[in-house]
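The values are calculated or read from the model by the stated rules, or taken from the named source; none is laboratory data. For clarity, every value in this text was computed on a predicted model and none was experimentally measured. Heads up, the Cβs are rebuilt from the backbone with ideal geometry, glycines too, and the neighbour counts pull from every protein chain shown. With ligands, DNA and RNA removed, areas are computed over all heavy atoms of the protein, side chains included. Shrake-Rupley method; radii C 1.70, N 1.55, O 1.52, S 1.80 Å.
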Amino acid sequence: MPAPNEALLVIDIQNDFCPGGALAVTGGDEIVPGVNQLMDDFATVILTQDWHPAGHSSFASSHKAEPFTTTQMPYGTQVLWPDHCIQGTEGAAFHKDLRVDGDLIIRKGFNPEIDSYSAFFENDHTTPTGLEGYLRTRGIDRLTMVGLATDFCVNFSAVDAAKLGFAVTVRTDLCRAIDMDGSLAAAMDGMKQAGVEVL
Ligand code: VGL
Ligand code: ZN
C-alpha cells in the first residue's frame, strides 16, 4: 500500500530535455518506462515542467552569448542555456510516453528575470513556488525524486527539500545528467552533504 505521507516528484521529463530536444540530456528518454512504473508505488505523484517565456533571461540568445557559458545575475552566477521549454511549444510538452496522471503539475521558470531549477524556490533561493505549502497541507513529508537533469533541476529540488526538512531520496537510475564542468560530481556531493539519500 502506498504510504499517504510519501510523494513521487517527477522532474522535467519534457521533449527539450530528451534526445532531439533543444537542451537534450543523453539518455533522457530511457527513464520514461521506469518512471511510469514507479508511479504505481506512490499515493501522490507530482510532475514539474520547465516553463519559460520566449526571451527568458536564462537563454544565451537573450545575452548575445554562447550557450553553456555563464553570466552574473543579481542572484548569482547563471549558466546560459540554449532556448528551451518555451511555454506552449512542443519542446515544453512532456515526453509523449510519460504518464501525466499525477495529482499536481507545477510549472517553474516563468519569471522572465529569474531562472528556477528547483521545484521549491527560484534561483534567488527565496521566491517560493508554493510546492512546500502544497506538500505540508497534504501531510507529505517524504519525497522520492526522478527525472532530468540530475545535476540541475533534480539536484536543486532535492537539496531545497532536504533543507526544508523533507526526507528525500533521489533514484539516480531514473535520472540523467547534463554533466558540464564536473557538475554531476558536484551535485552528487552536494546532495549527500544536504542529507539526501542518493540511490
Ligand atoms: C534544467 C537547465 C535549464 C533542468 C532546466 O531541468 O535540469 N536545466 N533548465
Ligand atoms: Zn530551463
Near-label residues of region 183-199 by backbone N, under 17 Å of a point 7 Å along Cα→Cβ of H125: 186-196
Intensity falloff of region 113-189 expressed as log10 I(q)/I(0), Debye formula with alpha-carbon point scatterers, at q = 0.12, 0.14 Å⁻¹: -0.32, -0.44
Pair-distance profile P(r), taking every C-alpha pair of the chain, with 10 angstrom steps and integer %: 9, 39, 39, 12, 1, 0
FRET E, pair Q87, D173, Förster distance 41 Å, beta-carbon r, rounded to 0.05: 0.85
Cβ-derived FRET efficiency at R0 30 Å, M180 paired with I105, nearest 0.05: 0.65
Hydrodynamic radius of region 86-157 per Kirkwood, over alpha carbon pairs, in Å: 13.6
Equivalent ellipsoid, region 90-132 (semi-axes from 5 times Cα gyration tensor eigenvalues, Å): 23, 14, 7
R176 accessible area, assembled protein chains, probe 1.4 Å, Å²: 60
Zone residues, region 130-174, relative to M73, backbone N less than 17 Å from point 7 Å out along Cα-to-Cβ: 130, 149, 151-158, 160
